[in-house]
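The values are calculated or read from the model by the stated rules, or taken from the named source; none is laboratory data. This structure is a prediction, so every number in the text was calculated from the model and none was measured. Note: ideal-geometry Cβ built from the backbone for every residue, glycine included; neighbour counts use all protein chains shown.
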There are 2 protein chains.
Amino acid sequence: MIFLRVTILGAGAMGGALTIPLTEKGNEVRLWATEYDRRVLKLLEEGEEHPRIGVKIPSKVSLFRPEQLEDALEGAEAIIIAVSSEGIKPVLEDVRGLVDAAHKIVAVTKGLIEVGGKILTVTQTIKRLLGNNFKPTYVSGPSIAKEVARKLYTNVVYSCEDMKTVSQIKGAFETPYYRITLSTDVIGAEMCAALKNVYAIAMGILDGLAEAKGSSMENAKATLFLRSVAEMAKVTKALGGMEETAYSLSGISDLLVTIRGGRNGMFGKLLGKGFEVKEALREMARRGVGVIEGYVTAKRGYEMLTESRRLTPSEIPIFYNIYKLLYEDGELSNFLREVFSL
Amino acid sequence: MIFLRVTILGAGAMGGALTIPLTEKGNEVRLWATEYDRRVLKLLEEGEEHPRIGVKIPSKVSLFRPEQLEDALEGAEAIIIAVSSEGIKPVLEDVRGLVDAAHKIVAVTKGLIEVGGKILTVTQTIKRLLGNNFKPTYVSGPSIAKEVARKLYTNVVYSCEDMKTVSQIKGAFETPYYRITLSTDVIGAEMCAALKNVYAIAMGILDGLAEAKGSSMENAKATLFLRSVAEMAKVTKALGGMEETAYSLSGISDLLVTIRGGRNGMFGKLLGKGFEVKEALREMARRGVGVIEGYVTAKRGYEMLTESRRLTPSEIPIFYNIYKLLYEDGELSNFLREVFSL
């Protein structure tokens, strides 16, 4: 059995949740809080429950404050990046110089990142900022943090170019309820993890339309779900990944969890009920909802795909028409006509 | 444009719903009620809404009583079989002699049927009882009848060995909101349509477990969903169909609609909450729920697969362990251990 000294960067829901299986397995776990985690950190230092996952962090986990990054990384063998997509660049800049390619880097952050005017995936961002010799592992699949924290069965995918490293990580992290499936398709996992939020907006639109009509629209949603997965497969393939990834835990299963709730669906629902894009954004802000990942990803994904020139809009009509709805014409009727010919 | 004289056998939810797109498209539509539809028929004759779909049947649809089967079929070009799986044998025996292979037979009935001690699919049953020269079309995919009746977007699959015939049917039946995709994989469509109800029980079990634990178990459900689709693909392939069918509207999308509600999930939920199988069946009866399709199909599917000898239980662990839970040991803990190694 391998045990690792693991530093988790970011004390949000998933950073907190991962302390449970990782300590149970015998790893030495440190949890570093970012500036945004100060309120959570205070509660954890007082021995309270983590407010976002409803459980206490195991007492053997060492807690580190934002100013203690260097101490937190001292002697670490594995580093889990569990900050938000907006937080990843600053964190990587902070750790540069403190880590080298011998560290096992594991990223759970989802989304597409803008780096120097170019749109990159999370692991591309890590390589760009830390060095191309890094071989990060990317975590995807259906994983609501609260369920991981409560030891409820979860099967995630760890994707890495380097099978030897990721096998060691699996050996150290896997428990009976936190199962790890390995994959070599990093780009596929990242694109599905990012794009699912855009497709969740599309499905939310149908929920909003259904509510406006006083009916359900489950037939249409089930069709849209399947076509969304097919688009994720096309995007994955176009960027050099494997279509199968979209039809795996990283695609179908994660999309399924995403549409069961969450802010992307909520935002889409407002659009489906007839809110204009700006109104819907204001209403989300009024409800205290922060970044809507799918809204951001629609634009970044569009830029990335336009630059790659490997897919035409007609090959990915749902994605393209969500982008158009959100950033160009704002007409729901156009979205429905283009996607459903209605 | 082709118009057909269509007789729908069975005035239940789907039989009633299909009158809407079919008349709109200009077909001449007759609706024949079985003995079980007498109460519905009375309402329809009085011009009331169909109680199961909440809309009125178009006035140009001719209604026929159980004793008027011969009149209902007089001059019909297409015959839609829309009775329950329990009703299919009696209806086929009644129509034998009144129809020949020139009739376009379209079946929307789901399930596996016992015919003379053997388990058959719906179209196999049609061929067995009407003649091997019949080439029935099978309808599958996500299609909640109420949504079809309300003209809400629905995309179904019409599968047939004879592409010429099914193309004509598509030409006559398709509308902007009732879309028809064609396929040649009849056995795949039928097996997915039948087995989905068994997998819906499995997913209901997780809902029941989650409720008992006071949490959600969406991560586990999303994993179970994917594995269920993979099992449907294996069964389809083993019986001569195409694996892709399980990853299409007939598999993924229909399973998605099925787990959004319905009696199979409700039954599974009781099991997950700790009801023994007999208790759960009694509770379902107490709630006024009739046949639980997944319960029946678990047994018939098991017999069919055992006889075909093309799959071992370990290749389809979810299906097999639901069968075992329902008909052999009744132990939920065994199901969870075998399926999730928990």
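Could you list all residues from segment A:293-326 that are in contact (Cβ under 8 Å) with a residue 60 or more places away in the chain and in a loop (DSSP other than H, G, I, E, B)?
A:ARG310, A:LEU311, A:ILE316
Just name the residue that is surrounded by the most Cβ atoms within 10 Å (Cβ to Cβ) out of those in segment B:133-143 that are under 12 Å from B:VAL186 (Cα atoms) and more than 14 Å from chain A (Cβ to nearest Cβ).
Among those that are under 12 Å from B:VAL186 (Cα atoms) and more than 14 Å from chain A (Cβ to nearest Cβ), it is B:TYR138.
For segment A:84-106, enumerate the residues that are under 22 Å from A:THR165 (Cα atoms), among the aliphatic types (A, V, I, L, M) and touching a Ser or Thr at 6+ places or on another chain (Cβ under 8 Å).
A:LEU92, A:ILE105, A:VAL106
I'm checking my understanding of the structure. Among residues of segment A:161-178 that are surrounded by 22 or more Cβ atoms within 10 Å (Cβ to Cβ) and in contact with a Lys or Arg (Cβ under 7 Å, 6 or more places away or on another chain), which one is nearest to the other protein chains (Cβ to nearest Cβ)? Don't jump to the end; show me each part of the working.
Looking only at segment A:161-178, we keep the residues that are surrounded by 22 or more Cβ atoms within 10 Å (Cβ to Cβ), and these are A:166, A:169, A:173, A:178.
Those still in the list that are in contact with a Lys or Arg (Cβ under 7 Å, 6 or more places away or on another chain) too: A:169, A:173.
Details: A:ILE169: 19, A:PHE173: 16 Å.
Here the answer is A:PHE173.
Here is a check on your reading of the model: is B:MET203 buried (at least 24 other Cβ atoms within 10 Å of the Cβ) and within 14 Å of chain A (Cβ to nearest Cβ)?
yes
Name the single residue that is surrounded by the most Cβ atoms within 10 Å (Cβ to Cβ) among those in segment B:269-279 being over 14 Å from B:TYR327 (Cα atoms) and not aromatic (Phe, Trp, Tyr).
For segment B:269-279, the residue satisfying everything is B:GLY272.
Residues of segment B:16-57 being in a helix (DSSP H, G or I), under 17 Å from B:ALA172 (Cα atoms) and in contact with a helix residue (DSSP H, G or I) (Cβ under 8 Å, 6 or more places away or on another chain), which ones?
Within segment B:16-57, B:ALA17, B:LEU18, B:ILE20, B:PRO21, B:LEU22 qualify.
Report, ordered by the first and then the second residue, all pairs with beta carbons closer than 7 Å, sequence separation of six or more or different chains, a first member in segment A:83-101 that is touching a residue at least 24 places away in the same chain (Cβ under 8 Å), and a second member that is of a type in the set (Lys, Arg).
Short answer, once both residue conditions are applied: A:SER85/A:LYS110.
Please list, ordered by first then second residue, the pairs with beta carbon atoms under 6 Å, 6 or more apart or interchain, first in segment A:201-221 and touching a residue at least 24 places away in the same chain (Cβ under 8 Å), second in a loop (DSSP other than H, G, I, E, B) and surrounded by 20 or more Cβ atoms within 10 Å (Cβ to Cβ).
A:MET203/A:ILE259; A:LEU206/A:MET217; A:ALA210/A:SER216; A:ALA210/A:MET217; A:ALA220/B:TYR153
Which one of A:GLY131, A:GLY111, A:GLY97, A:GLY141 is at positive phi, out of contact with any helix residue (DSSP H, G or I) (no Cβ under 8 Å at 6 or more places or on another chain) and modelled with pLDDT of 95 or more?
Numbers: A:GLY111 fails: out of contact with any helix residue (DSSP H, G or I) (no Cβ under 8 Å at 6 or more places or on another chain); A:GLY97 fails: modelled with pLDDT of 95 or more; A:GLY141 fails: out of contact with any helix residue (DSSP H, G or I) (no Cβ under 8 Å at 6 or more places or on another chain).
When all the criteria are applied, what remains is A:GLY131.
Regarding B:TYR158, is this residue crowded, with 16+ Cβ neighbours inside 10 Å and either within 14 Å of chain A (Cβ to nearest Cβ) or of a type in the set (Asp, Glu) (or both)?
no
Right, A:GLY188: under 25 Å from A:TYR295 (Cβ atoms), of a type outside the set (Phe, Trp, Tyr), in a helix (DSSP H, G or I) and more than 9 Å from chain B (Cβ to nearest Cβ) or not?
Answer is yes for this residue.
Does B:THR121 fit the bill of being within 27 Å of B:GLY290 (Cβ to Cβ), modelled with pLDDT of 95 or more and either polar (S, T, N, Q) or surrounded by fewer than 22 Cβ atoms within 10 Å (Cβ to Cβ) (or both)?
Against the criterion (within 27 Å of B:GLY290 (Cβ to Cβ), modelled with pLDDT of 95 or more and either polar (S, T, N, Q) or surrounded by fewer than 22 Cβ atoms within 10 Å (Cβ to Cβ) (or both)), B:THR121 qualifies.
All but one of (1) farther than 16 Å from A:MET14 by Cα; (2) within 14 Å of chain B (Cβ to nearest Cβ); (3) of a type outside the set (Phe, Trp, Tyr) hold for A:LYS146; state the number of the condition that does not hold.
The number of the failed condition is (1).
Give the residue, chosen from A:THR181, A:THR223, that is touching a strand residue (DSSP E or B) at 6+ places or on another chain (Cβ under 6 Å), within 14 Å of chain B (Cβ to nearest Cβ) and outside any strand (DSSP E or B).
A:THR223 is the lone residue from the list that is touching a strand residue (DSSP E or B) at 6+ places or on another chain (Cβ under 6 Å), within 14 Å of chain B (Cβ to nearest Cβ) and outside any strand (DSSP E or B).
Taking the criterion of being hydrophobic (A, V, I, L, M, F, W, C) and over 19 Å from the mean Cα position of the chain (by Cα), would at least one residue in segment A:133-141 satisfy it?
yes
Can you tell me which residue among A:VAL55, A:VAL122, A:VAL106, A:VAL61 is within 30 Å of B:MET217 (Cβ to Cβ) and within 14 Å of chain B (Cβ to nearest Cβ)? Steps first, please.
Details: A:VAL122 fails: within 14 Å of chain B (Cβ to nearest Cβ); A:VAL106 fails: within 14 Å of chain B (Cβ to nearest Cβ); A:VAL61 fails: within 14 Å of chain B (Cβ to nearest Cβ).
Unique residue meeting the criteria: A:VAL55.
From the list B:LEU152, B:LEU130, pick out the single residue that is away from every other protein chain (no Cβ under 14 Å) and among the hydrophobic types (A, V, I, L, M, F, W, C).
Working: B:LEU152 fails: away from every other protein chain (no Cβ under 14 Å).
After ruling out the rest, the residue left standing is B:LEU130.
Return yes when A:PHE275 is modelled with pLDDT of 95 or more, outside any helix (DSSP H, G or I) and hydrophobic (A, V, I, L, M, F, W, C) and no when it is not.
Details: modelled with pLDDT of 95 or more: yes; outside any helix (DSSP H, G or I): yes; hydrophobic (A, V, I, L, M, F, W, C): yes.
For A:PHE275, the condition - modelled with pLDDT of 95 or more, outside any helix (DSSP H, G or I) and hydrophobic (A, V, I, L, M, F, W, C) - is met.
Of the residues in segment A:226-268, how many are of a type in the set (Lys, Arg), within 12 Å of chain B (Cβ to nearest Cβ) and not in a loop (DSSP other than H, G, I, E, B)?
1
Given the conditions (1) over 14 Å from B:VAL229 (Cα atoms); (2) in contact with a Leu (Cβ under 6 Å, 6 or more places away or on another chain), report the number of the one that B:THR165 does not fulfil.
(2)
Within segment B:137-178, work out how many residues are more than 15 Å from B:ILE105 (Cβ to Cβ) and in a loop (DSSP other than H, G, I, E, B).
12
Out of the residues in segment B:320-330 meeting the condition of being closer than 25 Å to A:TYR177 by Cβ and surrounded by 14 or more Cβ atoms within 10 Å (Cβ to Cβ), tell me which one is nearest to the other protein chains (Cβ to nearest Cβ).
Result: B:ASN321.
Does any residue of segment A:310-319 turn out to be within 14 Å of another protein chain (Cβ to nearest Cβ), closer than 23 Å to B:ASN219 by Cα and at pLDDT 95 or above?
no
Could you tell me whether B:VAL289 is under 22 Å from the mean Cα position of the chain (by Cα) and not in a helix (DSSP H, G or I)?
Values: under 22 Å from the mean Cα position of the chain (by Cα): yes; not in a helix (DSSP H, G or I): yes.
It is true that B:VAL289 is under 22 Å from the mean Cα position of the chain (by Cα) and not in a helix (DSSP H, G or I).
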